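One structure is given here, and the rest of the page talks about it.
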Amino acid sequence: MATSAVSRPGGRETRDSVVIRFAGDSGDGMQVTGSQFTLETALAGSDFSTFPDFPAEIRAPTGTTFGVSAFQIHFGGTDVMTPGDSVDVLVAMNPAALTVEMNDLKVGGTVIVDTDAFNERNLKKAGYAKNPLEDDSLARYQVLKFDITKLTADAVKPHGLSSREAHLCRNMWALGLLLWMYGHERTATIEWLQRKFAKKPVIAAANIAALNAGHAFGETAEMTEHMVGYVVPKAAVQAGRYRTVSGTEGLAWGLVAGMRAAGIEKMVFAGYPITPASALLHTLANLRAYGVVTFQAEDEIAASGAALGASYAGALGVTSSSGPGIALKTEMLGLAIATELPLIVIDSQRAGPSTGMPTKAEQSDLFQAVHGRNADAPLAVLAPTSTADCFNIAIEAVRLATKYMTPVIVLSDGYLAHAAEPWRIPHEADLPRFPVTYRTDPEGFHPFLRDPETLARPWVRPGTPQLEHRIGGLERDYDSGHISYDPDNHARMTAARAAKIAGIANDIPLQGVALGEDHGKLAVVGWGSTFGAIHQAVKIARDEGRDVAHIHVRYLSPFPRNLGDLLKRYDRVLVPEMNNGQLVKLLRAEYLVDAEGFSKVTGKPFRVTDIAQRIRGGAPPPSEGSGLGGEAG
């Protein structure tokens, strides 16, 4: 939310941080508008976090509430860790956008509307009996009413566009106005438009004209108490080179970095289109120069089979999907576990079950990742905490997969896949190195000969002289690698596969405390994309004097070896997660701790205020008679 307003020369006011949401029809370009505002925000030096929120339909009927597409950005000179709870400025391009998004606008916030869109037909589609711009239903807000459609048409008229083409430039006019409002430049957006429409120079020129017109309108409009400009200070960040990164980009680049770290020549990514995982295939397809081969298979089973086959051949096999597709990949995951081959599986989780809500985020697949296969079939499961952490977690997934010859599932989600934040580009020399060794010595070889430390079997590329062998889904003899139906051998192999994955706990960091003490009244435990909301909520609670700490688990199978002891040092354990209580059940089962679940399954990320309020219910401050101490975190 906007904070610390002070007057400045020239009529502008300072805001420590601001939350803006652009909303309109799927065809109104709200994702483009938000992305370009984010780019200009990054270049202005602010910290930020974004939340693209769009419908599953490619193009829902115009003007309907279920077709509303929105893009939210929280930016400021502070440490921004979430896309924001309440909205300071809502840009509503039509009545449906106003209906859907209004509840998140804070009292006293600003709403900017295109009056031309508030006609009888659109009002009826949005469920309005009368025009909200003409009654007192918006009295709690600062309403800026502009005929954006006409102002845009006037701006692009010299370029000879059709009425429809001119209408499509409205988002650039709105973007220009918001860039003026927060003192941002337009240069990067203009250059982007010139590149995007290089083969359609008239369209490029018209969009630039609309962008400039919106900016000029802000400069020349009669100033009112509502129509003012703001200054958001630069964020204090560690020195280095930064760029904007989405979770999908972080995963893609991390996989390439992991491949290089392992000394593997090729990565074969095999996937099948599914929301919200498809973007990873698109991103990796542009990285061919770095040794990446991409393959769009005919279905999920074929994709996972192709990736597993690539690993058998000595490449880094990677596949991805979302919940329904991961379910289809289950048989191939079992084969990867039986053959003990490295395989990276990226799961961009979404709301389910079945098709569910394809574009809405949910931490829905933890159970499926940890236990969702026939028989005793353990594997490693990791989860990034942020879009920037996606890079690091992808490298770690490659390390574990190749060192322990196992599939590794990385649990991202729809929010992380599309959200963006600033990312400090690491120096190549600082990246880890863990070169793999392919077996070439035939002396004493058999395909399931195990490393005494990791229990991993050797990785042999097909065609290696004198190392011909067979592997498959049938059980193998522990001592020879031949097919075996012996009951005692099966028990031994089952134990060996379990011990191999359990042993990873000795090769990963001990579980730390993200904020607070390693003991106390309350630990708030999270995983995945809930990091920012939990961290900020715990910080608020500690500033209030509450004895509370934040623990975030990145390694979900196996758990860090000290996690159980750490949790038992707290009187209470609260587990917020975007599902109906999956991590909380795993923690209860593993450590017999009386953990309390806090579920959210709305398809949207947690709000900081929701978690802070839940903490207040479980960790009273000293003034409430608990006798607790604690410094502000």
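Values as computed for the structure displayed
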read-out	value
Members of region 106-131 that are surrounded by 14 or more Cβ atoms within 10 Å (Cβ to Cβ) and under 29 Å from ARG15 (Cα atoms)	LYS106, GLY109, THR110, VAL111, ILE112, VAL113, ASP114, THR115
Which listed residue, of THR294, THR319, is within 18 Å of ALA397 (Cα to Cα), polar (S, T, N, Q) and surrounded by 15 or more Cβ atoms within 10 Å (Cβ to Cβ)	THR319
Positions within region 584-608 being of a type outside the set (D, E, K, R), over 30 Å from GLY84 (Cα atoms) and part of a helix (DSSP H, G or I), in sequence order	ALA589, TYR591
Hey, GLU101 open to solvent by 60 Å² or more (accessible area, probe 1.4 Å), touching a residue at least 24 places away in the same chain (Cβ under 8 Å) and of a type in the set (D, E, K, R) or not	no
Residue check for GLY247: in contact with a strand residue (DSSP E or B) (Cβ under 6 Å, 6 or more places away or on another chain), open to solvent by less than 80 Å² (accessible area, probe 1.4 Å) and at positive phi	no
Test: residue in region 45-64 that is assigned to a helix (DSSP H, G or I) and small (Gly, Ala, Ser)	no
Residue among TRP180, TRP192 that alone is of a type in the set (Phe, Trp, Tyr), open to solvent by 50 Å² or more (accessible area, probe 1.4 Å), touching a residue at least 12 places away in the same chain (Cβ under 8 Å) and not in a loop (DSSP other than H, G, I, E, B)	TRP192
Residue check, GLU340 touching a residue at least 12 places away in the same chain (Cβ under 8 Å), open to solvent by less than 10 Å² (accessible area, probe 1.4 Å) and touching a Lys or Arg at 6+ places or on another chain (Cβ under 8 Å)	yes
Test: residue in region 364-383 that is more than 30 Å from THR494 (Cβ to Cβ) and aromatic (Phe, Trp, Tyr)	no
Any hit, region 70-80, residues being surrounded by 19 or more Cβ atoms within 10 Å (Cβ to Cβ) and either among the hydroxyl-bearing types (Ser, Thr, Tyr) or touching a His at 6+ places or on another chain (Cβ under 6 Å) (or both)	yes
Yes/no for GLU225 being farther than 27 Å from THR437 by Cα, open to solvent by 40 Å² or more (accessible area, probe 1.4 Å) and at pLDDT below 95	yes
Every residue from region 262-274 that is surrounded by fewer than 19 Cβ atoms within 10 Å (Cβ to Cβ), in contact (Cβ under 8 Å) with a residue 24 or more places away in the chain and on the phi < 0 side of the Ramachandran plot	GLU265, LYS266
Contacts under 8 angstrom Cβ, first residue in region 209-221 being surrounded by fewer than 14 Cβ atoms within 10 Å (Cβ to Cβ), partner not in a helix (DSSP H, G or I), 6 or more apart	ALA221/MET227
Of all residues making up region 383-394, the number that are more than 11 Å from GLY247 (Cβ to Cβ) and crowded, with 24+ Cβ neighbours inside 10 Å	1
Condition check for ARG350: open to solvent by 10 Å² or more (accessible area, probe 1.4 Å), touching a residue at least 40 places away in the same chain (Cβ under 8 Å), closer than 11 Å to LEU411 by Cα and of a type in the set (Lys, Arg)	yes
Qualifying residue in region 476-485 (condition: in contact (Cβ under 8 Å) with a residue 12 or more places away in the chain and either closer than 30 Å to PHE48 by Cβ or within 30 Å of the chain's Cα centre (by Cα) (or both))	no
The listed residue being under 18 Å from ALA361 (Cβ atoms), open to solvent by less than 30 Å² (accessible area, probe 1.4 Å) and at pLDDT 95 or above, out of GLY526, GLY520	GLY526
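The values are calculated or read from the model by the stated rules, or taken from the named source; none is laboratory data. Keep in mind that this is a model prediction, so the values were computed, not measured. As a convention, Cβ positions derive from the backbone with ideal geometry for all residues, glycine included, and neighbour counts pool all protein chains shown. The area values use the complete protein model at the heavy-atom level, side chains included, leaving out ligands, DNA and RNA. Shrake-Rupley method; radii C 1.70, N 1.55, O 1.52, S 1.80 Å.
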